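Written out below as structure tokens is the structure these notes cover.
The values are calculated or read from the model by the stated rules, or taken from the named source; none is laboratory data. What you see is a predicted model; the values in this text were computed from it and never measured. We place every Cβ from the backbone using ideal geometry, glycine too, and count neighbours over all the protein chains shown. Ligands, DNA and RNA are excluded from the accessible area calculation, which covers all protein heavy atoms including side chains. Shrake-Rupley method; radii C 1.70, N 1.55, O 1.52, S 1.80 Å.
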Amino acid sequence: MSKSVQGFSKLTKDEKIEWVTTNFTQDPNAAKALLKSYWNSDSKLQRLHDEFIENTLTNHYLPFGVAPNFLINDQLYTIPMTIEESSVVAAASKAAKFWKDRGGFKTTILGTEKIGQVHFIFDGDSSKLWEFFTKIKPRLGEDASELTANMVKRGGGITNIELRDKTNDVQGYYQLHCTFETLDAMGANFINSCLEQFAKTLKNEAQHYTPFTEAERNIEVVMSILSNYVPNCLVRAEVSCPVSELKSSAVSPEEFAQKMVRAVQIAQAEPHRAVTHNKGIMNGIDAVVLATGNDFRAVEAGIHAYASKDGKYTSLTHARIENGQFYFWMEIPLALGTVGGLTSLHPLVKVALEILGKPSAPELMQIVAVAGLAQNFAALRSLVTTGIQEGHMKMHLLNILNQLGATEVEKKELTNYFKKNTVTHSSVVAAFENLRNN
Ligand code: MEV
């Protein structure tokens, strides 16, 4: 067999597995058996998963858990989370319980605007292009009306189309900067279809626009694509309570509040810390985004761009103490959907949305933002008091023991032992070997 292949996608799943395991694994039979052991016994369900992507060999499991007790705008939620990092769900649950006893989380939708752009090159007199755009602007919407009819019926659609001159950045570069309301859909397909139609109309109309010269008629469309930077699709999540209620076993409430504020100030000032600080926020956000079948790469890209919107990468969260009250909040852009895409295909996603009470997209934005804020609160609380490793390593202990192949009896014994001893990778290995040898 060869390590390069032609027509791989046309092979059957078994043939693909055969080719991959024979070429790339030391024990092809074992690898084959392992890959197949992750197939779902329900062949219909397996086929559904096979067809999500090309060249599927098997399924890749991640834990699907829930963090209960999230009080958001006076309503209780149990939040589904899909994530492999051991401490995330526990931290979310702890933060949820903490804030439930202090009034819960409050959230506000600040906007739901989605964005897409047609990037094109126009070689000519820019004033003529502006006149041309004014003339064809209604036509752009009309030509897309078949695509937008359903969305318009439900109250959404194209909200604006602007011509933008970007010739200072790239020679001849202009764009149609378009905004959309996509309601409960994330809207990627809708937006991209509209943009491709705008591009067609733009090119066609230019070809018949008599004030243009021959060169000007030849508009070159470079690409038409939605933007994952959606600074006006924005949600705010916040918590607050009297400083005196910020009880923590390690330090006084006043010291705790001040340390929290300082930790946020450091993340605001220092990009190295800001990235890790925001990564902690994304632990909560990605887990809910993934569980609810949304595009976590889009969310990640958009949120990190937002974190650097003022020219420097900074903290997404803010904290202050005022008149004895502690305030902790965050505003983030989130383009999410609760209809269409994976949300109507993946059975687990459907259950996740059901657990959340079948939220609208704006409701889901609020839930996801709260998961992010809660996660940051939990991380900072550990960091400024006991340190992160205590909790992390306790959760990690089971992972290490599983890797070492500990039996249930050994796990029980070692979990007891590490109640009084510090968990490090080497201390767990040593204690495990000690137990086995005795
Ligand atoms: C680990 O996944 C996340 C943290 O590093 C976040 C933080 O430092 O704020 C604990």
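The table below lists the values:
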{"read-out": "Single unsatisfied condition, ASN416 versus (1) under 28 Å from ALA96 (Cα atoms); (2) outside the structural domain of SER93 (by TED's automatic domain parsing); (3) touching a helix residue (DSSP H, G or I) at 6+ places or on another chain (Cβ under 9 Å)", "value": "(3)"}
{"read-out": "Residue match in the range 399-412 (condition: open to solvent by less than 10 Å² (accessible area, probe 1.4 Å) and at pLDDT 95 or above)", "value": "no"}
{"read-out": "Helices (runs of 4 or more DSSP H) contained entirely in the range 327-438, each with at least 2 residues that are more than 16 Å from the ligand (Cβ to nearest atom) and in contact (Cβ under 8 Å) with a residue 40 or more places away in the chain", "value": "347-355, 361-384"}
{"read-out": "Residues located in the range 109-165, provided they are open to solvent by 70 Å² or more (accessible area, probe 1.4 Å), touching a residue at least 40 places away in the same chain (Cβ under 8 Å) and more than 19 Å from THR201 (Cα to Cα)", "value": "LEU110"}
